[in-house]
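Student: Structure incoming, see below.
The values are calculated or read from the model by the stated rules, or taken from the named source; none is laboratory data. Fair warning: this is a prediction, and the values are worked out from it, not measured in the lab. Quick reminder, even Gly has a Cβ in these numbers, built from the backbone with ideal geometry, and neighbours come from all protein chains shown.
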Amino acid sequence: MAAHSTLQTSFSATSTDTAIIIPTKPDALTISYKQLNHDILEFQRSLAKLGIGQGDAISIALPNTYEFIVAFLATSYQRAIAAPLNPAYKQEEFEFYIDDLSSSLALVPKGSYAKDGPAVRAARKYQAAIAECFLEGSRVILDVKEKGKLALRAPEKILQAEPDDTALVLHTSGTTGRPKAVPLTHRNLTRTMRNIQDTYELSPKDRTMLVMPLFHVHGLLCGFLAPLRSGGSVIVPGAFSARAFWEDFITHKANWWTAVPTIHQILLKNPPPSPRPAIRFIRSCSSPLSPKTFHELESTYHAPVLEAYAMTEAAHQMTSNPLPHRGKRKPGSVGIGQGVEVKILDDHGNEVPQGTEAEICIRGENVTKGYLNNEKANKESFTAEGFFRTGDQGKKDQDGYVIITGRIKELINRGGEKISPIELDNVITGNPSVSEAVSFAIPSDLYGQEVGVAVVPKPGKSVTEKDIIDYVAGRTAKFKKPSRVS
């Protein structure tokens, strides 16, 4: 097995250096690499005892916690498939994802079972086992509430992952309305981790503040896994809080962070700390960063801002602006390829002249081999030479820096959250008073884009803006709620 080609071989199992800091009050929970490895193996044993083995999908509906971290890594170590889900999803959304992967087990926070929460109800509907995860001291407990389809399983052996095992499946919204399942192997993930480490020269001296959710590829790969591969430390608050950000950043000696532009803008609306901490760099990704915000960040925090470009299908990072001593950083550009080939190709798969706009395409060891059970999407998304079509239109400037000029796939990008208009149209037309609905992006200073909707009521019926907003809010995650209805 190639060195560091699985998650299990990517992190030290014996180092007493700090791996993770959970900034709880009054005292933070500090976990060494040695303790993390111990806790992962303990949780892996619990999974094996349940009968979890190679290819089993585990839906992880947990917030940013130590429980998530241990459960995710233990799942991958056991050759199972981690499927992180937004804990804020509604029951119908949980049902889709759990059913799509035929999940064997759903992990939920403590107290969810007694409350019969949406993830619990969804898991029960598809006979997935249900277990709560919580801390006892620093130990992560797996408390099985229902065994579901695992009831007749015999215990499994403790397994060791292989590079080409699927470690992670995330769904990405598509223009067909049905989210596509993206399988990412250990090899895909570890290659991205290495690319990120190389791009930003991450080392054991670095300590990052995690502000992105771990159920997104951005937070999971760049905010968490890559820093651990480098031997550094990750500070993991339960959620992003502008009020607590700088206190935790300074107290726990962070020196960089990565986030979507929306979070950068929220931080800029608050007074900067005084004195300013030493910030090595600020990374921005998952949504376009305006040159105005770029310059405000650099002037406010006295640190270089590095905009990057990423997709779930590429296990996150594809391009990035370099560190200052390595080259230029250009506002309005997402930089150059980082461990991947980047070409601008026309509809026939031919590379266009430099400076000409066409589709941004990539190829590399970090890129998925294809969507699950979706041959049509695979045929459309990959060229004969194995380049992945991103669906983004762009060009390379005279220095080879990539500039994104538009989207070919018309998704709504709300602060990094990708929303399928057709998915929303289908939800809204489920309203008995609605005949037709069209969802679209509207500009937003804070989020880049927000959701706009135009509806046609059924004859004899009437609906208000509030009716539609409340209807969507009751059936989808909060970020999909329309901001304007006409």
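Student: Among the residues of region 274-285, is any touching a Phe, Trp or Tyr at 6+ places or on another chain (Cβ under 6 Å) and free of Cβ contacts under 8 Å to residues at least 60 places away in the same chain?
Tutor: yes
Student: Among the listed residues 265, 317, which satisfies the condition of being in contact (Cβ under 8 Å) with a residue 40 or more places away in the chain, surrounded by 20 or more Cβ atoms within 10 Å (Cβ to Cβ) and over 30 Å from residue 168 (Cα atoms)?
Tutor: After applying the criteria, what remains is 265.
Student: Residue check: is residue 438 outside the structural domain of residue 288 (by TED's automatic domain parsing) and crowded, with 18+ Cβ neighbours inside 10 Å?
Tutor: So residue 438 does not fit the description; no.
Student: Something else now. Here are 115, 157: which of them is out of contact with any Asp or Glu (no Cβ under 7 Å at 6 or more places or on another chain) and over 30 Å from residue 33 (Cα atoms)?
Tutor: 115
Student: Among what's in region 75-97 and is among the aliphatic types (A, V, I, L, M) and out of contact with any Leu (no Cβ under 6 Å at 6 or more places or on another chain), pick the residue that is surrounded by the fewest Cβ atoms within 10 Å (Cβ to Cβ).
Tutor: Top of the filtered list is 88.
Student: Select from region 340-358 the residues that are modelled with pLDDT of 95 or more and under 28 Å from the mean Cα position of the chain (by Cα) and list them in ascending order.
Tutor: Across region 340-358, the qualifying residues are 340, 341, 342, 343, 344, 345.
Student: Is it the case, given these coordinates, that residue 63 is in contact with a Gly (Cβ under 8 Å, 6 or more places away or on another chain) and under 19 Å from residue 213 (Cα atoms)?
Tutor: yes
Student: In region 8-27, what residues are aliphatic (A, V, I, L, M) and surrounded by 15 or more Cβ atoms within 10 Å (Cβ to Cβ)?
Tutor: Within region 8-27, 19, 20, 21, 22 qualify.
Student: Among the numbered conditions (1) without any contact (Cβ under 8 Å) to a residue 24 or more places away in the chain; (2) part of a strand (DSSP E or B), tell me where residue 418 comes up short.
Tutor: Exception for residue 418: condition (1).
Student: Show the residue pairs meeting these rules: Cβ distance below 7 Å; 6+ apart or different chains; first residue within region 444-464 and at positive phi; second residue hydroxyl-bearing (Ser, Thr, Tyr).
Tutor: Close Cβ pairs (under 7 Å, with a partner that is hydroxyl-bearing (Ser, Thr, Tyr)) amount to 448/287.
Student: What residue, among those in region 312-356 that are assigned to a loop (DSSP other than H, G, I, E, B) and in contact with a helix residue (DSSP H, G or I) (Cβ under 8 Å, 6 or more places away or on another chain), is nearest to residue 287 (Cα to Cα)?
Tutor: Among those that are assigned to a loop (DSSP other than H, G, I, E, B) and in contact with a helix residue (DSSP H, G or I) (Cβ under 8 Å, 6 or more places away or on another chain), it is 332.
Student: Which one of these is among the β-branched types (Val, Ile, Thr) and under 23 Å from residue 100 (Cβ atoms): 383, 312?
Tutor: None of the others qualify; the one that does is 312.
Student: Let me confirm something: among 230, 203, which residue is modelled with pLDDT of 95 or more, buried (at least 18 other Cβ atoms within 10 Å of the Cβ) and over 15 Å from the mean Cα position of the chain (by Cα)? Even if it seems obvious, please write down each step before you answer.
Tutor: Values: 203 fails: buried (at least 18 other Cβ atoms within 10 Å of the Cβ).
From the options 230, 203, the qualifying one is 230.
Student: Residues that are within 20 Å of residue 266 (Cα to Cα), among the aromatic types (Phe, Trp, Tyr) and crowded, with 16+ Cβ neighbours inside 10 Å: does region 467-483 have at least one?
Tutor: yes
Student: Would you please list the contacts, defined by Cβ atoms under 9 Å and residues six or more apart or on different chains, that run from a residue in region 206-220 that is touching a residue at least 40 places away in the same chain (Cβ under 8 Å) to a residue that is of a type in the set (Asp, Glu) and in a strand (DSSP E or B)?
Tutor: 216/417
Student: Considering each residue of region 277-314, count those that are under 21 Å from residue 449 (Cβ atoms), surrounded by fewer than 24 Cβ atoms within 10 Å (Cβ to Cβ) and among the hydroxyl-bearing types (Ser, Thr, Tyr), and give that number.
Tutor: Looking only at that region, the number is 4.
Student: Now for a separate question. Using beta carbons and a limit of 7 Å, which pairs, at least six apart or on different chains, have the first residue in region 49-68 and in the same structural domain as residue 159 (by TED's automatic domain parsing) and closer than 13 Å to residue 129 by Cα and the second one among the acidic types (Asp, Glu) and assigned to a loop (DSSP other than H, G, I, E, B)?
Tutor: 51/156; 52/156
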